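Chemist: I have a structure here, written as structure tokens, and I will follow up with some questions on it.
Bear in mind these aren't lab numbers, they're just calculated from the coordinates by the rules spelled out. All of these numbers come straight from a predicted model, not from anything done at the bench. For neighbour counting, all protein chains shown are included, and Cβ atoms are generated from backbone atoms with ideal geometry for every residue, glycine included.
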Amino acid sequence: AQKVTQAQTEISVVEKEDVTLDCVYETRDTTYYLFWYKQPPSGELVFLIRRNSFDEQNEISGRYSWNFQKSTSSFNFTITASQVVDSAVYFCALSEALTGNQFYFGTGTSLTVIP
Amino acid sequence: NAGVTQTPKFQVLKTGQSMTLQCAQDMNHEYMSWYRQDPGMGLRLIHYSVGAGITDQGEVPNGYNVSRSTTEDFPLRLLSAAPSQTSVYFCASSYATGSNQPQHFGDGTRLSIL
């Protein structure tokens, strides 16, 4: 079973629109960590944010915000007023404190921002 | 501060050839891993290591070997290349798993098997 599910394979939005990328995870650990990575067309993987399971506060960084809800096992990522430079593949990932030696990645969401 | 360095960046092989993808990190990270990225499949874990001398298999280990003789280096060997191994390969490292430390990725190796 997939531990991290990103159901949206591809999303296209027009510049300045808001867009939310969904991430649903599955774990039995009570302590775990969630991450988002960005992969622009140039191909490198860029770390964006991490969250631990004890901190459900939403986080905002400029146009980016993250909504962590343990009740629905979701860690969604919203880009406000999208820009062409936001076009990339975005990956959600999970690391479990007690049971795992692995990072689990979702299959990614490809975001295209149309000018 | 180089981070994670992968070499080569591009490689073309013929079916049956062997080769080694190099990965080195200078952050004294204990955990290192190799992923392959294929269209629509995301990042799939090939092998990982939690420290020097310790390696383990990930989701797609067949056809690949790894070793970890030092903390810094984690090479990935293709024993007998097959067209199904055409992919982009990423090496990553982190302070540890089971922690809030993110993985740092190399720039990737684009490998084509003819």
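Chemist: What spacing in nm lies between the two simple spin-label points modelled at B:Ala96 and A:Glu17, each 7 Å away from Cα in the Cβ direction?
Modeler: Reported label-point gap for B:Ala96 and A:Glu17 is 4.4 nm.
Chemist: Still on this model: Is there a quick way to get the dipole size of segment A:1-70? I mean about its Cα centre, with the Cβ of Lys and Arg at +1 and of Asp and Glu at -1; what is the value in debye to the nearest 20?
Modeler: 200 debye
Chemist: Another question, then. Which whole number gives the average count of other chain Cβ atoms within 10 Å of the Cβ atoms across peptide B:21-31?
Modeler: Numbers: counts 0, 0, 0, 0, 0, 0, 0, 0, 0, 0, 4.
The mean count of partner-chain Cβ atoms within 10 Å per residue comes to 0.
Chemist: Pick from B:Gly58, B:Gly42, B:Gly16: which residue has the top mean-square fluctuation in a GNM of chain B where Cα pairs under 10 Å get a spring?
Modeler: Taking springs between Cα atoms under 10 Å, the residue moving most is B:Gly42.
Chemist: Sticking with the crude label model, points 7 Å out along Cα→Cβ, report the distance from B:Arg77 to B:Thr20 in nm, one decimal please.
Modeler: 0.8 nm
Chemist: Beyond 20 Å, what percent of the Cα pairs of chain A remain?
Modeler: Working: 2474 of 6555 pairs.
The answer is 38 percent, as a whole percent.
Chemist: Separate question: Work out the length of the dipole vector of chain B about its Cα centre, built from +1 on the beta-carbon of each Lys and Arg and -1 on the beta-carbon of each Asp and Glu, and round it to the nearest 20 debye.
Modeler: 380 debye
Chemist: Tell me which residues come under 5 Å, amide H to amide H, from B:Gly42 once H is placed; ignore anything under 5 positions away on its chain.
Modeler: So B:Gly42 has HN proximity to no qualifying residue.
Chemist: Taking 10 °C and 1.306 mPa s as the conditions, I'd like the Stokes-Einstein D for the protein assembly as shown in µm²/s, using the Kirkwood hydrodynamic radius from alpha carbon pairs.
Modeler: It comes out at roughly 87 µm²/s.
Chemist: Calculate the length of the line joining the C-alpha centroid of segment A:25-57 to that of segment B:60-114, in whole Å.
Modeler: Their Cα centres are 20 Å away from one another.
Chemist: What residues of segment A:4-47 lie in the reach of a label at A:Thr112, counting those whose backbone N is under 18 Å from a point 7 Å from the Cα along Cα→Cβ?
Modeler: In segment A:4-47, the label zone of A:Thr112 (backbone N under 18 Å from the point 7 Å along Cα→Cβ) covers A:8-21, A:39-43.
Chemist: Can I ask one more? What spacing in nm lies between the two simple spin-label points modelled at A:Glu26 and B:Ser67, each 7 Å away from Cα in the Cβ direction?
Modeler: Rounded to a tenth, the inter-label distance reads 3.8 nm.
Chemist: In terms of Cα to Cα distance under 20 Å, which aspartates and glutamates are near enough to B:Lys14, apart from those fewer than 8 places away along the same chain?
Modeler: Filter leaves B:Asp38.
Chemist: Starting from the amide H of A:Thr107, placed 1.01 Å from N in the peptide plane, find each other amide H under 5 Å away whose residue is 5 or more places distant or on another chain.
Modeler: Those lying under 5 Å, H to H, from A:Thr107 are A:Gln6.
Chemist: Out of A:Leu98, A:Val85, A:Val24, whose Cα points farthest toward the positive end of the dipole of chain A (charges: +1 Lys, Arg; -1 Asp, Glu; placed on Cβ)?
Modeler: Final value for the positive-end residue is A:Leu98.
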